[in-house]
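The values are calculated or read from the model by the stated rules, or taken from the named source; none is laboratory data. Computed from a prediction, not measured in an experiment: that's the story for all the values here. With ideal geometry, Cβ positions are generated from the backbone for all residues, glycine too; neighbour counts draw on all protein chains shown.
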Amino acid sequence: MKFLSRLFSETAIEIRSGQAILRKGKHHAGMLSDITSMAREHDLSRGEIWIESTGKIHFSHEIPKDLHQRFRNTLVLSLS
């Protein structure tokens with residue numbers, strides 16, 4: 001699943017040791033620092049976020065479902 005999600009996404013962000021790393025796509029101002037802050041705030045040490053060209057956002061299973069909307073809100077603000 002992760003491989004295909006990475007392959008077909010426009011943007012891929014990896015969280016490793018609480019740090020957000022852009023793996024694919026364009027860097028939007030403040031996006032990685034916002035995600036890093038949220039990951040550290042919630043003790044999230046690893047995970048992946050994939051954004052399709054349509055704007056649909058997907059999360060790896062390491063990211064708890066109760067954080068998905070908070071990450072979406074942060075990403076939407078960073079992308080606008």
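Rundown of residues vs (1) of a type in the set (A, V, I, L, M); (2) modelled with pLDDT under 85; (3) in contact with a strand residue (DSSP E or B) (Cβ under 9 Å, 6 or more places away or on another chain), yes/no style:
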residue: ARG6; (1), (2), (3): no, yes, yes
residue: GLU14; (1), (2), (3): no, no, yes
residue: ALA29; (1), (2), (3): yes, yes, no
residue: ILE35; (1), (2), (3): yes, no, yes
residue: ALA39; (1), (2), (3): yes, no, yes
residue: HIS58; (1), (2), (3): no, no, yes
residue: GLU62; (1), (2), (3): no, no, yes
residue: LYS65; (1), (2), (3): no, no, yes
residue: LEU77; (1), (2), (3): yes, yes, no
Can you confirm whether the stretch 42-53 contains a residue that is at pLDDT 90 or above, of a type in the set (Lys, Arg) and either more than 11 Å from the chain's Cα centre (by Cα) or on the phi > 0 side of the Ramachandran plot (or both)? no
Find all pairs meeting these conditions: Cβ atoms under 9 angstrom apart; at least six residues apart or on different chains; first residue within the stretch 1-27 and on the phi > 0 side of the Ramachandran plot; second residue of a type in the set (Asp, Glu) and at pLDDT 90 or above. GLY18/ASP43; GLY25/GLU10
Within the stretch 63-80, considering residues that are free of Cβ contacts under 8 Å to residues at least 24 places away in the same chain and of a type outside the set (S, T, N, Q), the one farthest from SER17 (Cα to Cα): VAL76
